Structures are given as C-alpha cells and as structure tokens.
Amino acid sequence: MSLPIEDYALVSDCRTGALVGRDGSIDWLCLPRYDSASTFGALLGTPEHGRWLVAPAEEGASATREYVDGTFVLVTRWTTSTGELEVRDFMPQGDRRSDLVRRLRCTRGSVEVREDLRVRFGYAAAMPWVRQVERHGLPALVAVAGPDAVVRRGPRLTADGPQHAASHRLAEGESVDLSLTWFPSHQPVPEPLDVDAAHESTLDWWRTWASRYSHEGPYHEPVMRSLLVLRALTNEQTGGIVAAATTSLPEQFGGPRNWDYRYVWLRDASLSLSAFLTHAYLREARQWRDWLLRAVAGDPGDVQIMYGPAGERFLPERTIGSLPGYQGAAPVRVGNAAVGQFQGDVIGEVMVALAEAREAGLEEDTFSWPLQRALVRYVETHWQREDQGIWEVRGPRRVFTHSRVMAWAGLDRAVRAVREHGLDGPVERWESLRDRLKAEIEEKGFDAGRNSYVQSYGSSAVDAALLRLPQVGFCEADDPRMLGTVAAIEHDLLNDGLVMRYRFEGTAIDDFPPGEYPFLACSFWLAEQYARSGRLDDARALMDRLVGLANDVGLLAEEYDTRGRRHAGNTPQALSHLALVQAADWIARASGQQAPGGRSGDAATRV
C-alpha cells in the first residue's frame with residue numbers, strides 16, 4: 001500500500017519529478033514530463049504498478065532525510081545494526097536528458113542494500129520487454145514498450161518474474177551509482193551519464209538559482225523551499241508552471257474527488273508569477289509571460305482556464321483503469337474536464353499578474369499589450385455570464401462574487417496601464433464598466449444582515465476566496481465590510497483552526513459527496529489577511545501552525561486532514577506554496593521587516 005502523502009519527497013529536473021518515499025521507494029515518476037504517462041505508478045496502486053526501491057535489506061533500518069541546502073538533491077541517511085548508508089537522489093539539471101540518479105555510499109561499517117526495479121509504462125498498462133546488455137563494458141538493463149524506453153545502469157540485476165532485483169554489499173567508504181534514463185524507443189540507447197559531473201552541475205544550478213533569493217523575516221527557510229518548489233514545477237524549456245506533480249491524490253480519502261493537477265492553470269501560474277516577482281525573479285516572470293502569450297494567442301474567445309506545459313489545449317478527462325487509486329480512492333483521472341469550464345475570475349488573475357510584472361520593470365512589447373487589450377475585450381463581453389468559479393464546481397453555474405471581483409480587477413489593471421504607464425486603450429469605457437461592476441458587487445455580493453460579502457449573488461454563504469478581495473485591491477483589509485467577511489469566514493469555515501474552501505452542508509454547490517479537508521492556501525490567505533488588517537499576533541500564530549504542517553523536507557500538499565493529521569490532495573501543490581510565500585511577505589512587512597522589493601503588496605492595494 002502507498003505511504004502517507006507526507007512521506008514523499010520530490011526530486012525534479014524542472015520538466016518532471018519523482019516522488020521518493022521514506023522507505024526508499026520511488027513510487028511516482030512520469031517521463032519525460034509531469035503530464036506524461038507514469039513509468040512508476042505505485043503511488044496510485046501497489047509495487048506491481050511500478051516502482052524503484054533502494055534501501056537497506058535489514059528490517060527496521062531507520063532513516064532521516066533532507067535536501068542539500070538550496071537544491072532539490074535529496075539526501076537520505078539510513079542507520080542499520082551493521083553500519084550507515086547515504087543515498088543521494090537527484091535528477092540532473094540542464095542537459096536536456098531525462099535522467100534519475102541514486103548514488104549510494106556507505107559511511108560507517110557495512111550495509112547490505114536491496115534494489116527492486118519494476119518498470120511499468122503507460123500508467124502501468126504496458127509491461128515492457130526487458131533485456132540485459134553490455135554497454136561500454138558495463139552491464140545495462142533496457143526496458144521498452146511502445147514509444148517509451150529506459151536504460152538502467154549499475155551493477156547487474158537479476159530477473160525475478162516481472163521485476164528485477166539485486167543486493168549490493170557496501171563497506172565503509174565504498175559507493176555505487178545507479179541511474180535510470182528515459183529515451184524514445186525508436187532512438188539508440190543514450191550514452192552513459194557522467195554522474196560526478198552531473199551531481200556537481202545540478203548542485204551548482206540549484207544553488208545559483210537560490211542565491212538570487214532574499215527574505216527578511218522569520219520564515220526564511222519555508223519561503224526559500226516554497227520558491228524552489230515553484231521553480232521545480234516550472235518547465236525549464238517552456239515556462240509553464242504546473243499546479244502539482246501528481247494526479248488523483250484524493251481530496252477525500254477513499255472517495256471520488258481525485259483530479260489531475262499536472263497542467264498549467266492560468267490562475268495558479270499567475271499567482272506564482274507574483275511570488276517570483278516579489279523576490280526579484282524577473283527572468284522567471286519573463287519566461288512565464290512568454291509562455292502565456294504563446295498559449296492564449298489567437299481569438300480571445302478561445303481562451304481556456306488551463307493548458308499543457310507547452311500550451312497544449314486538448315486535455316480531455318478520462319479514467320485510467322490500470323491504476324486502482326491511492327489507497328483505493330477511485331477513479332484515477334488523467335486530463336481535467338475543468339478545461340471546458342467558464343471561470344470568470346481567470347482573465348482578471350492574468351491581468352493582475354501582468355500588471356505586477358509591468359510594475360516590476362518588465363517592459364511591454366508589441367505582442368504583450370495588444371494581447372492584454374484583447375483579454376479585456378473578452379471581459380467586456382463575458383463578465384455578466386454565470387460561471388463555475390475559482391473552485392471549478394461541477395454543479396450549476398452561478399454568479400460568484402469572487403469571479404465578479406476579478407473581472408473588476410482585470411478592468412482596473414487595464415485602466416492603470418493607460419493612466420499610469422501611458423499605454424493606449426479606451427480608458428473611459430473601461431473605467432465606466434469597472435465602476436459599474438464595483439457598484440453591482442457592493443449591492444448584490446454583500447449581505448448587510450451578516451455584514452459580509454457572500455459566495456454568490458443571492459446567497460448568505462461565505463467562501464474562502466473572498467479573502468482575495470484585499471489582495472487585488474477591491475477593498476482595504478481593514479474595511480468594515482471586509483472585517484465582517486473575515487468574522488463570517490471564521491464562524492462558518494474554520495475546521496480545527498484551518499480554513500475550508502466553502503461549506504458543503506445545506507448546499508448543492510457540486511455533484512460530488514461532501515467530505516474534503518481544510519484547504520491550505522485558504523488558511524495562508526487568512527494569515528495574510530490578519531497581517532494586513534493589524535492582527536499580527538493572530539497572523540503569526542496561524543502561520544506558525546501552517547508551516548509546521550509541512551513534511552520533513554518542507555513540502556505541502558493541497559489540503560490537510562486535521563483529524564488524521566495527514567496531507568491530502570495532490571502534492572507538492574503550487575497554490576499552497578505560493579500562498580505561504582505571500583503570507584510570509586505580509587507578516588514581514590507588518591512586523592517592520594519589509595519584504596524584498598515590496599512590489600506585490602504595493603501594487604495590490606492601490607485602488
């Protein structure tokens with residue numbers, strides 16, 4: 001059975017990533033991209049669905065693990081009754097190959113190491129043809145099925161039915177390198193990797209990237225790791241930022257709320273851009289803007305809420321019967337039907353992010369501003385439509401207040417672009433519609449009896465997405481209406497001190513049974529709101545608890561089960577990590593320790 005979600009660490013080459021369990025088993029790896037079919041799929045099934053185990057053979061061996069500072073090189077240190085073993089897992093960076101390396105070194109005594117390799121291509125639907133070969137005088141194992149092939153290099157493995165295994169005895173000071181390389185099956189087997197050089201260049205790549213970071217405040221390490229997670233989820237070639245490394249990890253254990261997050265949501269990627277900008281990662285911002293321009297180019301009426309990592313549009317949702325699901329949570333889904341939804345907030349999120357890039361000094365070019373004008377025309381045409389909202393509800397459409405606020409924000413940033421930056425556009429028309437939207441939201445999206453903004457027009461329910469209103473400058477964080485909204489959210493949505501997205505009880509917001517857990521990004525939004533509105537002690541208390549929910553290597557999933565004390569949903573989740581960064585920045589600012597640059601917050605509060 002799969003390990004708890006929090007027991008997995010990520011190693012990444014900024015194109016894909018492997019989830020490494022505390023037990024030394026790599027249970028999830030899609031090659032060559034995050035959204036490719038799995039090669040190791042035990043995370044959503046059993047070892048028979050593919051894995052690569054490297055661990056001491058001794059039962060009861062204990063392990064600690066950490067990342068090398070500022071990198072995604074994972075170091076696991078095992079202690080046995082006979083000695084100690086260090087395993088370094090990493091994916092080489094910058095060579096345009098798809099390699100995974102496991103470097104073993106005995107640091108004391110002697111250790112017998114067990115290796116168990118089970119390659120299963122195509123979400124475990126394809127059992128490969130495997131052959132042992134000699135390459136450059138060294139043993140290699142080549143596995144092929146359909147378009148996919150891998151070569152594993154290291155000491156010879158022995159076939160044991162459909163799996164291959166070996167035992168490696170290492171004495172103090174001895175080491176062995178194991179590597180797995182993906183390649184298209186119609187091409188020759190790639191040359192062996194120079195592991196020493198790959199290890200050093202990968203450390204240097206990550207450290208160089210991390211060296212550009214600074215954060216003044218008490219959450220330095222969580223912010224640094226969160227920015228590294230966002231970088232790991234950003235495709236180094238295309239600039240697309242996937243929402244998570246996994247598919248179908250359940251929001252409801254044993255239930256059907258299992259979604260594929262290995263794609264680029266315009267909303268999540270836009271918020272990630274804000275986190276990068278605040279910490280002076282302008283190069284990443286430019287790369288993402290270039291991705292966006294390519295992805296949404298064409299008729300604005302064809303804009304989708306999500307795309308593939310290179311801008312692919314066709315992402316049909318289907319169920320995968322070859323994988324039984326994480327601890328029985330079914331079905332496993334590939335693709336996401338939300339691609340066909342209308343979500344009225346998305347264009348506003350993009351316009352806010354591009355405005356922040358402009359404020360940060362990223363100049364408009366002959367393509368970027370005309371595209372933004374086209375996006376604003378889309379808002380002008382479609383703002384009155386009911387939608388499925390930020391949470392992608394699979395139920396009746398409605399007028400979500402947050403969606404209308406984001407339409408307002410998109411228009412507001414267009415107006416500022418003209419008034420403050422001298423760009424061209426029908427600013428009077430945009431201002432008129434912006435003001436009309438503001439008045440409508442204040443009238444129909446606010447419940448005077450509760451003194452609170454509401455989830456949707458005509459409802460008295462609240463929604464955690466309303467915490468975004470001060471973030472985009474719709475109102476001040478200490479506005480009495482916003483304070484009333486926070487009080488309603490605290491009353492209705494807190495679950496053991498953490499924030500639910502919305503309440504299921506008494507509503508028919510979607511077509512699935514209730515039962516999900518508090519949403520971590522929403523809880524970080526509440527911590528940010530506390531900091532913005534002067535409740536600094538509450539902000540710090542909630543933030544301290546939230547960063548404490550990260551696993552032993554600093555990763556956060558989508559949700560947290562307070563009763564079971566475990567992570568839930570896909571992991572690592574970009575939205576959770578970027579919300580952590582933004583909350584930490586505002587706590588630093590409220591504490592008198594100005595966040596680097598100060599751009600994101602300053603731009604967001606100027607109305």
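Inside the range 388-415, can you point out the residues that are among the acidic types (D, E) and either at pLDDT below 95 or out of contact with any Lys or Arg (no Cβ under 7 Å at 6 or more places or on another chain) (or both)? Please lay out each step first, then the result.
Looking only at the range 388-415, we keep the residues that are among the acidic types (D, E), and these are 392, 412.
Of everything in the range 388-415, just one residue is among the acidic types (D, E) and either at pLDDT below 95 or out of contact with any Lys or Arg (no Cβ under 7 Å at 6 or more places or on another chain) (or both), namely E392.
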- Do the conditions hold for A243, that is, is it closer than 16 Å to W391 by Cα, under 15 Å from the mean Cα position of the chain (by Cα) and modelled with pLDDT of 95 or more? yes
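For the range 263-298, how many residues are outside any loop (DSSP other than H, G, I, E, B) and open to solvent by 20 Å² or more (accessible area, probe 1.4 Å)?
Residues of the range 263-298 outside any loop (DSSP other than H, G, I, E, B): 264-278, 282-296.
If we keep only those that are open to solvent by 20 Å² or more (accessible area, probe 1.4 Å) too, we end up with 282-283, 286-287, 290, 294.
So the count comes out to 6.
Can you list the strands (runs of 3 or more DSSP E) lying wholly within the range 107-181 that have 3 or more residues being open to solvent by 10 Å² or more (accessible area, probe 1.4 Å) and touching a residue at least 60 places away in the same chain (Cβ under 8 Å)? Don't jump to the end; show me each part of the working.
Values: elements: 129-135, 138-145, 148-153, 158-160, 163-171.
Hits in the range 107-181: 163-171.
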- Message: Condition (residue is in contact with a helix residue (DSSP H, G or I) (Cβ under 9 Å, 6 or more places away or on another chain), touching a residue at least 60 places away in the same chain (Cβ under 8 Å) and of a type in the set (K, R)) applied to the range 222-243: is it met by at least one residue?
- Response: yes
- Flagged in the range 62-90 as open to solvent by less than 20 Å² (accessible area, probe 1.4 Å) and polar (S, T, N, Q), in numbering order, are T71, T76, T80
- Please determine, by comparing only the residues of the range 299-319 that are without any contact (Cβ under 8 Å) to a residue 40 or more places away in the chain and touching a helix residue (DSSP H, G or I) at 6+ places or on another chain (Cβ under 9 Å), which one is surrounded by the most Cβ atoms within 10 Å (Cβ to Cβ). Q304
- G94 is checked against (1) in a strand (DSSP E or B); (2) at positive phi and fails just one. What number does that condition carry? (1)
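Can you tell me which residue within the range 452-467, out of those that are open to solvent by 10 Å² or more (accessible area, probe 1.4 Å) and out of contact with any Lys or Arg (no Cβ under 7 Å at 6 or more places or on another chain), is nearest to R532 (Cα to Cα)? Reasoning before the result, please.
Step one: of the range 452-467, the residues open to solvent by 10 Å² or more (accessible area, probe 1.4 Å) are 455, 457-461.
Then keep just the ones that are out of contact with any Lys or Arg (no Cβ under 7 Å at 6 or more places or on another chain); that gives 455, 458-459.
On the way: Q455: 22, G458: 29, S459: 27 Å.
Here the residue is Q455.
To keep it simple, each residue is scored yes or no on (1) modelled with pLDDT of 95 or more; (2) open to solvent by 40 Å² or more (accessible area, probe 1.4 Å); (3) not in a strand (DSSP E or B).
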position	(1), (2), (3)
G473	yes, no, yes
E476	yes, yes, yes
G484	yes, no, yes
A487	yes, yes, yes
E490	yes, yes, yes
Y502	no, no, yes
A508	no, yes, yes
P513	no, yes, yes
W525	yes, no, yes
- Message: With the requirement that a residue be assigned to a strand (DSSP E or B) and open to solvent by less than 40 Å² (accessible area, probe 1.4 Å), what does the range 182-196 give you?
- Response: F183, P184
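Being without any contact (Cβ under 8 Å) to a residue 60 or more places away in the chain and open to solvent by less than 20 Å² (accessible area, probe 1.4 Å): is that true of G255 here?
Details: without any contact (Cβ under 8 Å) to a residue 60 or more places away in the chain: no; open to solvent by less than 20 Å² (accessible area, probe 1.4 Å): yes.
No.
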- Message: What's the number of the only condition in (1) within 30 Å of R419 (Cα to Cα); (2) touching a residue at least 12 places away in the same chain (Cβ under 8 Å); (3) open to solvent by 10 Å² or more (accessible area, probe 1.4 Å) that Q327 fails to meet?
- Response: (1)
- Message: Could you list, ordered by first residue, the pairs with Cβ atoms under 7 Å in which the first is in the range 466-487 and under 19 Å from V350 (Cα atoms) and the second is buried (at least 20 other Cβ atoms within 10 Å of the Cβ) and at pLDDT below 95, at least 6 apart or interchain?
- Response: Q471/A604; V472/A604; G473/A604
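Take the residues in the range 318-334 that are in a loop (DSSP other than H, G, I, E, B) and touching a strand residue (DSSP E or B) at 6+ places or on another chain (Cβ under 6 Å); name whichever of them is farthest from L29 (Cα to Cα).
Restricting attention to the range 318-334, the residues satisfying the condition of being in a loop (DSSP other than H, G, I, E, B) are 320-325, 329-332.
Adding the requirement that they be touching a strand residue (DSSP E or B) at 6+ places or on another chain (Cβ under 6 Å) leaves 320, 331.
Details: I320: 16, P331: 19 Å.
For the range 318-334, the residue satisfying everything is P331.
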- When R77 is evaluated against the numbered criteria (1) farther than 30 Å from R231 by Cα; (2) part of a strand (DSSP E or B), which criterion, by number, is the only one it fails? (1)
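The values are calculated or read from the model by the stated rules, or taken from the named source; none is laboratory data. Because the structure is a prediction, the values reported are computed rather than measured. Note that we place each Cβ from the backbone using ideal geometry, even for glycine, and neighbour counts take in every protein chain shown. SASA here: full protein model, heavy atoms, side chains in, ligands and nucleic acids out. Shrake-Rupley method; radii C 1.70, N 1.55, O 1.52, S 1.80 Å.
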